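The values are calculated or read from the model by the stated rules, or taken from the named source; none is laboratory data. Here the structure is a predicted model, which means the values were calculated and not measured. FYI the Cβ positions are ideal-geometry reconstructions off the backbone, even for glycines, and counts take in every protein chain you see.
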Amino acid sequence: MSAHGSSSEVHAVGSTRLFVMVWVWLAVITFIELFLAYERLRPDLMLTLLVILSLVKSALIVSYFMHLKYEKIGLALLLIPAAIFCICMIIIFFMPDGARLLQMRLTP
Amino acid sequence: MAETKTVVGVPVSSPWGGGGSPFAINSKKFGMWLFIVSDTLTFSALLLAYSYSRLANPNWPRPFEIYPAIAKSTSMTLILLASSLTMVLGVSAAHRNDRAKTVRWLLLTALGGVAFTVLHLTEWFKLFGEGYTPWSTPQGVPLFGATFFGITGLHMTHVSIGVIYLIIMSIGYGKGKFTSDDVEVSGLYWHFVDLVWMFVFPMIYLMSVSLTG
């Protein structure tokens, strides 16, 4: 196997056109987010929508730009659940108390 | 499992025999992926700490007016996204062994990073002028300054390190010192920096859009 052998299959996936399309979608989602800010929605609704849109954007970046879609499925199964698990642990530690503080200042 | 398979050029007699590469990627790329996951957790913890401080403070500042602050941060987002596109094109050029084009795309990507940092610094200095510092705000909520400058500062540090990384990579790859796989690993880092901003921008800028401006 030559030095470039491991990258020979990379040619097949991800044409310039595909990358430009992914980029256009990322830009479109950014403008949707900007529109939401312009509308000044309720903070809870705004946060929910923004987090969903950001997760879509990050999925696009990770799958196409970072090429994870074309790696062995085992890599994604190793990395992504581990990250999600740890983030959930941080949320479990922080957020019940955050919700309590919010409740305290909304009901004086 | 008696048949001999090859995984990335290494013959292995069994999947459990060792000497193989279970993910069929080189170890530099795997190392970068592990770093990216751990750095994801650093930024998640910081963004969640920001959200917690925000929930706990009744008079959280919302200093960003649509024009100029949000307009500027949106253009910074688009610059970073564009630099991700040039990076990905650089990686494809590297896999085609087109050295001259790869170097050009990498330098263009680094230029995007520099433009992002410069815009971000002008934004910072404007905020300094309005009385927002890492330890105080006009509203008397120092936690806003601490978390805002902490998170955006750490991200800016990542961008600056990325710019240095890309410049070293473009010089080294141009001289034939690095392979296309090394370019791909630097690409992973750069896309990750972009990815982090995709959360910092909505959660810090868009959630704090001024209610009056």
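Select, from B:Thr74, B:Thr117, B:Thr109, the only residue that is within 22 Å of A:Ala37 (Cα to Cα), buried (at least 16 other Cβ atoms within 10 Å of the Cβ) and at pLDDT 95 or above. Explain how you work it out, then say what you get.
Working: B:Thr117 fails: within 22 Å of A:Ala37 (Cα to Cα); B:Thr109 fails: within 22 Å of A:Ala37 (Cα to Cα).
Of the residues listed, the single one that is within 22 Å of A:Ala37 (Cα to Cα), buried (at least 16 other Cβ atoms within 10 Å of the Cβ) and at pLDDT 95 or above is B:Thr74.
Is it the case that A:Leu75 is touching a helix residue (DSSP H, G or I) at 6+ places or on another chain (Cβ under 8 Å), under 29 Å from A:Met21 (Cβ atoms) and within 7 Å of chain B (Cβ to nearest Cβ)?
Numbers: touching a helix residue (DSSP H, G or I) at 6+ places or on another chain (Cβ under 8 Å): yes; under 29 Å from A:Met21 (Cβ atoms): yes; within 7 Å of chain B (Cβ to nearest Cβ): yes.
Spelling it out, A:Leu75 is indeed touching a helix residue (DSSP H, G or I) at 6+ places or on another chain (Cβ under 8 Å), under 29 Å from A:Met21 (Cβ atoms) and within 7 Å of chain B (Cβ to nearest Cβ).
Taken over region A:43-88, the residue count meeting the criterion of being of a type in the set (A, V, I, L, M, F, W, C) and touching a residue at least 40 places away in the same chain (Cβ under 8 Å) is 1. Every condition in (1) of a type in the set (A, V, I, L, M); (2) within 26 Å of A:Ala59 (Cβ to Cβ); (3) surrounded by fewer than 16 Cβ atoms within 10 Å (Cβ to Cβ) is met by B:Ala100 except one, and the failing one is (2). Whenever a residue of region B:146-166 is more than 15 Å from B:Leu80 (Cβ to Cβ), its partners that are among the β-branched types (Val, Ile, Thr) and not in a helix (DSSP H, G or I), lying with C-beta atoms within less than 9 angstrom and at least six residues away or across chains, give the pairs B:Phe148/B:Thr137; B:Phe149/B:Thr133.
Report yes if B:Gly176 is farther than 23 Å from B:Ile25 by Cα, small (Gly, Ala, Ser), surrounded by fewer than 19 Cβ atoms within 10 Å (Cβ to Cβ) and modelled with pLDDT under 95, otherwise no. Give the steps one after another, and end with the answer.
Details: farther than 23 Å from B:Ile25 by Cα: no; small (Gly, Ala, Ser): yes; surrounded by fewer than 19 Cβ atoms within 10 Å (Cβ to Cβ): yes; modelled with pLDDT under 95: yes.
In short, no.
Only a single criterion out of (1) touching a residue at least 24 places away in the same chain (Cβ under 8 Å); (2) not in a helix (DSSP H, G or I) is not satisfied by A:Trp25, namely (2). Screening A:Leu36, A:Leu49 for residues that are under 13 Å from the mean Cα position of the chain (by Cα) and closer than 23 Å to B:Pro63 by Cα leaves exactly one candidate, A:Leu49.
Looking at region B:120-136, is at least one residue touching a helix residue (DSSP H, G or I) at 6+ places or on another chain (Cβ under 7 Å) and part of a helix (DSSP H, G or I)? Yes, region B:120-136 has at least one match.
So which of A:Ile80, A:Ile61 is in contact with a His (Cβ under 7 Å, 6 or more places away or on another chain), assigned to a helix (DSSP H, G or I) and surrounded by 14 or more Cβ atoms within 10 Å (Cβ to Cβ)? Spell out how you get there, then give the answer.
Values: A:Ile80 fails: in contact with a His (Cβ under 7 Å, 6 or more places away or on another chain).
That would be A:Ile61, the only listed residue that is in contact with a His (Cβ under 7 Å, 6 or more places away or on another chain), assigned to a helix (DSSP H, G or I) and surrounded by 14 or more Cβ atoms within 10 Å (Cβ to Cβ).
Mind telling me which of the residues B:Met169, B:Met198 ends up being over 18 Å from B:Gly153 (Cα atoms), of a type in the set (A, V, I, L, M, F, W, C), surrounded by 21 or more Cβ atoms within 10 Å (Cβ to Cβ) and touching a residue at least 60 places away in the same chain (Cβ under 8 Å)? Break it down stepwise before answering.
On the way: B:Met198 fails: over 18 Å from B:Gly153 (Cα atoms).
Among B:Met169, B:Met198, only B:Met169 is over 18 Å from B:Gly153 (Cα atoms), of a type in the set (A, V, I, L, M, F, W, C), surrounded by 21 or more Cβ atoms within 10 Å (Cβ to Cβ) and touching a residue at least 60 places away in the same chain (Cβ under 8 Å).
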